[in-house]
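Report on one structure; see the data block that follows.
The values are calculated or read from the model by the stated rules, or taken from the named source; none is laboratory data. Quantities reported herein were computed from a predicted structural model and do not represent experimental measurements. Here Cβ is always computed from backbone atoms with ideal geometry, including for glycine, and neighbour counts include all displayed protein chains. SASA here: full protein model, heavy atoms, side chains in, ligands and nucleic acids out. Shrake-Rupley method; radii C 1.70, N 1.55, O 1.52, S 1.80 Å.
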Amino acid sequence: MSDMTSAAEAPRSPGRPRSSRADEAIVEATLDLLAEGSTIEALTIEAIAARAGVGKATIYRRWPGKDALLLDALRRLKGVLPNPAGHSVRDDLVLLVGAVGHNIDPRAAKIMPCLVPEVNRSPDHFRLYQNIIAPRRQLMREVLRRGIRLGELRADLDIEVAMALLTGPMLVQRMLRWHPELDDVLLPDRIVDGVLDGIRAR
C-alpha cells in the first residue's frame, strides 16, 4: 500500500477544539443585546458576532441558527433546574414555586418581560419559550403525581390546573410586582399552602 493511499484512507483529524471562551462570549453577547432592547426578531447573528468579537462562522460552527443559540442563552439566563429532595411534596412544591420567575442574572428582569409579546406573536418564539420551561413544568408535574400516588393529594386532581394555580401568582408577582407589599421570600410558602388546602386528599 502506498503512502498516498494510506494517507487518503486515514481518518481525518478533528478541527480546532471548541473554545469555551468563545462560547461564553457569544452567549453573553446575545444576552447583552436582548437586555439592551433588541427584540428576538431584530437580533441578528451579525450583531451577536460583532459584540462577541468573533466571526459569523464561529457561531454557525456551534449553533445551526439563531433559535438554537437563543435557546441556550435563555436557558443560561434561567439557571440550573431546581433539584427537589423528594422527601416532602409540600417542600418540593415550595422549592419549585420559589424558582418561578427567579433569576440570579440581573439582565433577566429586562429580558423576560420583553419576550412575552414576542411569544404571543410568533409560533416559533412560542415553541422556543415552551422548550425553555418544559423541563421545569415536568418537575412540578412529577411532584404532584407523586403526591397522588402516595395518597397525599386528591386522586381526581387536575394536575395541569394545579400547576397553573401554583405558578401563576408567583410569575405575576415576580414579573410585574403586582402587589409590592407581599414578602417575596415568604410568598412561595403561602401560595403552596393555599393551593394545598384545596387539593389535599381528605
Check: Given the conditions (1) loosely packed, with under 15 Cβ neighbours inside 10 Å; (2) more than 15 Å from ASP92 (Cα to Cα), which single one is not true for ASP193?
Finding: (2)
Margin query: Filter region 178-190 down to the residues that are open to solvent by 20 Å² or more (accessible area, probe 1.4 Å), among the hydrophobic types (A, V, I, L, M, F, W, C) and at pLDDT 90 or above and list them by number.
Written below: LEU186
Note to self: Given the condition part of a helix (DSSP H, G or I), closer than 21 Å to ILE40 by Cα and either in contact with an Asp or Glu (Cβ under 8 Å, 6 or more places away or on another chain) or modelled with pLDDT of 85 or more (or both), answer yes or no: does some residue in region 94-105 qualify?
What the structure shows: no
Notebook entry, point to check: Among (1) surrounded by 15 or more Cβ atoms within 10 Å (Cβ to Cβ); (2) farther than 22 Å from ARG202 by Cβ, which single condition is ARG154 missing?
Noted result: (2)
Notebook entry, point to check: Of these, PRO84, PRO117, which one is within 26 Å of GLY147 (Cα to Cα) and either free of Cβ contacts under 8 Å to residues at least 24 places away in the same chain or not in a helix (DSSP H, G or I) (or both)?
Noted result: PRO84
Next item on the list: Select, from LEU165, LEU171, the only residue that is over 13 Å from GLY98 (Cα atoms), part of a helix (DSSP H, G or I), within 24 Å of the chain's Cα centre (by Cα) and in contact (Cβ under 8 Å) with a residue 12 or more places away in the chain.
Entry: LEU165
